[in-house]
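Working notes, structure below.
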Amino acid sequence: MAVLGSGYVGLTVAAGLASFGHRVTCTDVDVDRVDHLVAGDLRIVEAGLTELIEDVRSLGRLQFLTDNIEAARSAEFVFLCLPTPGRSDGTLDTSSTEAVVTQIGRHLAPGARIVIKSTVPVGTARRVAELLQRRDVAIVSNPEFLSEGTAVDNFLHPDRVVIGSDSVRAAMDVATLYGVGGVGECIVTDSQSAELIKFASNAYLATRVTFINSVAELCEATGANVRDVARGIGSDHRIGTAFLSPGPGWGGSCFPKDSAALVALADDVGVDATVVRSVIAANEWHSVRVADKIADALDGDLSGKTIAIWGLAFKAGTDDVRHSPALKIVERLRERGALFRAFDPGVSRPITGITQCTTLEETCRGADAILVTTEWEVFARSDLDALGSLMTRRIMVDARGAIDPGVALLAGFDYTGIGVGRDASDLEFTAMCLEQETRDPVVHATYPRHRDAADQSP
Ligand SMILES: NC(=O)c1ccc[n+]([C@@H]2O[C@H](COP(=O)([O-])OP(=O)(O)OC[C@H]3O[C@@H](n4cnc5c(N)ncnc54)[C@H](O)[C@@H]3O)[C@@H](O)[C@H]2O)c1
């Protein structure tokens, strides 16, 4: 089989399918990228992917090429994992998909199946069929739901596989490729439903994140603690805990473009999309709020102030900075005169306008404040006291809840979080728990940081 496009999705799909026992040829139009892949350098950060690719290549099941036609010519299944970037009007640009279908169309083997993995507008599978003009080749919509950072596990053990096609036979053929063992549920439907499931899923997840960010703002205004509130909401089995972590707003290569595409689709067919439209607007506001927090912590004057940016990727576990909230906030702060030094353990590629460091120490030397923008675990384990000693002032704004407020407080930081407020009594309470836990195993047992639990302790 062939997988066309060797980005985050294509590489994972190719390696995953090869690990199921299939022989896969994976292509990319980017010659340099393919050269690196042949040499074993993925040039993306994705847990377990390098090892999986090494394994399947050593078994002779995966090869990389630049030639789409050669890869597709003898393939029974051709997976399209091509970019579908968003346009300024919210619609998605499917020109790569159309160009590739036109390119490979007449070279496909009789009875081949084209499987669309990319996130594409509703109706794309049908348009591709018209473009192809090959009655013997079925088009299957099989949207990918992996998350960067956990892509390999998501692909090998998906909650569900969604397969849509006008040909039930072709849909069932694709279903069998997944080997069903680790698949939660296989949903076979028409191609429009499959295409819409992808947009609706991402818009819903974005809505949850925005919802908890709005609740976090309420927590700050009322003295509540969003961590406890989120736990209280999420422990209702009808709701669940996933995607209820407050932060600087969502970003990445999928949520922004897929939410905008859902709104564009609704507008196009005359359906009201107020909910998702409001979520997109609120998401902008949450990044403004983070920028305001750092300005407030620095007494409103950011001019010439150096901020240590901890994290550039849109989330931990990836090097992907596409539509990263960190970069959005940096731009807001830059407009107010701030300077930056950034460190992200996953991002080594240069980013225009940002001085990138290789350690947290480097970011902190002479800095006026720390802004935590990505939730890398290594940040939580850092020696805050030592890092604070390198700074002009011990100020921290933690937009991810990545640092324990009590630990920051004990290290002498003026700490501002999201949804935990700057309520000194809460922070002091946490610090007290931390101090006591080393002496008192009962308090240790009641940790984490719940006022009631500690009140009940001897
Ligand atoms: N990244 C994610 O987390 C994720 C998750 C689910 C779905 N998706 C969707 O999957 C699709 C691919 O996303 P991605 O993140 O892998 O993108 P990507 O930009 O990382 O990878 C796309 C690759 O396709 C290559 N390409 C472009 N034109 C080509 C052509 N004509 N022939 C061969 N290769 C070509 C590019 O060089 C690039 O390497 C998008 O539609 C995206 O919305 C992404």
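Hey, any hits in region 283-294 for a residue that's more than 30 Å from GLY48 (Cα to Cα) and in contact with a strand residue (DSSP E or B) (Cβ under 6 Å, 6 or more places away or on another chain)?
Yes, region 283-294 has at least one match.
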The lone condition LEU384 fails out of (1) closer than 22 Å to ARG322 by Cα; (2) in contact with a Gly (Cβ under 9 Å, 6 or more places away or on another chain) is (1)
Residue hits (region 344-378; without any contact (Cβ under 8 Å) to a residue 12 or more places away in the chain and either of a type in the set (Ser, Thr, Tyr) or part of a strand (DSSP E or B) (or both)) are THR352
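Can you spot a residue in region 323-333 that is farther than 19 Å from LYS293 by Cα, more than 16 Å from the ligand (Cβ to nearest atom) and assigned to a helix (DSSP H, G or I)?
no
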Name every residue in region 226-283 that is basic (Lys, Arg) and more than 16 Å from the ligand (Cβ to nearest atom), in order of residue number.
ARG227, ARG231, ARG238, ARG277
Condition test on ARG349, is it modelled with pLDDT of 95 or more and out of contact with any Pro (no Cβ under 9 Å at 6 or more places or on another chain)?
no
I need a count of the residues in region 178-213 that are among the hydrophobic types (A, V, I, L, M, F, W, C) and in a loop (DSSP other than H, G, I, E, B).
2
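Every residue, every condition in (1) of a type in the set (Val, Ile, Thr); (2) crowded, with 23+ Cβ neighbours inside 10 Å; (3) closer than 19 Å to SER253 by Cα; (4) not assigned by TED's automatic domain parsing to the domain that holds PRO256, yes or no:
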{"position": "PHE314", "(1), (2), (3), (4)": "no, yes, yes, no"}
{"position": "PRO325", "(1), (2), (3), (4)": "no, yes, yes, no"}
{"position": "ILE329", "(1), (2), (3), (4)": "yes, yes, yes, no"}
{"position": "ARG332", "(1), (2), (3), (4)": "no, no, no, no"}
{"position": "ALA338", "(1), (2), (3), (4)": "no, yes, no, no"}
{"position": "ALA342", "(1), (2), (3), (4)": "no, yes, no, no"}
{"position": "VAL372", "(1), (2), (3), (4)": "yes, yes, no, no"}
In this structure, is ILE307 farther than 25 Å from TYR8 by Cα, among the β-branched types (Val, Ile, Thr) and buried (at least 24 other Cβ atoms within 10 Å of the Cβ)?
yes
Within region 397-417, restricting attention to residues that are in contact (Cβ under 8 Å) with a residue 60 or more places away in the chain and outside any loop (DSSP other than H, G, I, E, B), which residue is surrounded by the most Cβ atoms within 10 Å (Cβ to Cβ)?
VAL397
Report every pair of residues separated by at least 6 positions or lying on different chains whose Cβ atoms are under 8 Å apart, first residue within region 193-206 and buried (at least 23 other Cβ atoms within 10 Å of the Cβ), second part of a helix (DSSP H, G or I) and at pLDDT below 95.
none
Condition set touching a residue at least 40 places away in the same chain (Cβ under 8 Å) and closer than 15 Å to ARG208 by Cβ, scope region 264-279, selection surrounded by the fewest Cβ atoms within 10 Å (Cβ to Cβ): answer is VAL275
Sort through ASN142, ASN154 and tell me the only one that's within 12 Å of the ligand (Cβ to nearest atom), over 17 Å from the mean Cα position of the chain (by Cα) and either surrounded by fewer than 20 Cβ atoms within 10 Å (Cβ to Cβ) or closer than 23 Å to ALA264 by Cα (or both).
ASN142
Residue within region 38-60 that is crowded, with 17+ Cβ neighbours inside 10 Å, over 30 Å from ASP166 (Cβ atoms), touching a residue at least 40 places away in the same chain (Cβ under 8 Å) and over 23 Å from the mean Cα position of the chain (by Cα) present
yes
Looking at ARG126, ARG135, which one is closer than 30 Å to ALA266 by Cβ and surrounded by fewer than 21 Cβ atoms within 10 Å (Cβ to Cβ)?
ARG126
For region 229-263, name all the residues that are crowded, with 18+ Cβ neighbours inside 10 Å and in a helix (DSSP H, G or I).
VAL229, ALA230, PHE255, PRO256, LYS257, ASP258, SER259, ALA260, ALA261, LEU262, VAL263
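The values are calculated or read from the model by the stated rules, or taken from the named source; none is laboratory data. Quantities reported herein were computed from a predicted structural model and do not represent experimental measurements. When we count neighbours, we look across all protein chains shown, and the Cβ atoms used for this are built from the backbone with ideal geometry, even at glycine.
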